[in-house]
Amino acid sequence: MEKGLERLLKLNPVKYKWKESESYNEGFLAHEIQEAGWDCTQTVVGEKDGEDMQSVDYGRITPLLVKAIQEQQTIIEDLKVRIETLEG
C-alpha cells in the first residue's frame, strides 16, 4: 500500500443528517470518496444520486488509516533525529 497519508488527507469527515430518520451521524459522503480519486470499488457501493442509496464500508478504510499512521510515525521519528542533531 502506497501514499496512505496522501490518500487519507483527501477524505472529508462530515456531520450529516439522514433523510429518513432526521438523525445525525458523522462519517464520509460516499460520492466524495469516489471523487477524491480512490480506487474504491469495494469501499463505496452505489452511484451518486442513483436509485439506491450509496454506502461506505468503513472497515475497508482501516488499512489506509494504519498506513497513514505508520507514515506519520516515520516523519515524527525523522524529525526527532533532526531536532536531537540540531540541539546536540
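Restricting the search to region 12-60, which residues are closer than 23 Å to Q73 by Cβ and touching a Phe, Trp or Tyr at 6+ places or on another chain (Cβ under 6 Å)?
none
Out of (1) closer than 18 Å to M1 by Cβ; (2) free of Cβ contacts under 8 Å to residues at least 24 places away in the same chain, the odd one out for E51 is which?
(1)
With the condition kept exactly as written, say whether any residue in region 71-84 is in contact (Cβ under 8 Å) with a residue 12 or more places away in the chain and out of contact with any strand residue (DSSP E or B) (no Cβ under 8 Å at 6 or more places or on another chain).
We begin by selecting, within region 71-84, every residue in contact (Cβ under 8 Å) with a residue 12 or more places away in the chain; these are 71-72.
Now restrict to residues that are out of contact with any strand residue (DSSP E or B) (no Cβ under 8 Å at 6 or more places or on another chain): 71-72.
Yes, some residue in region 71-84 is in contact (Cβ under 8 Å) with a residue 12 or more places away in the chain and out of contact with any strand residue (DSSP E or B) (no Cβ under 8 Å at 6 or more places or on another chain).
Read the figures in this text as sums done on the coordinates, not as results from a lab. The structure presented is a predicted model; accordingly, all values stated were derived computationally and were not measured. Cβ sites come from the backbone with ideal geometry, for glycine too, and all protein chains shown count toward neighbours.
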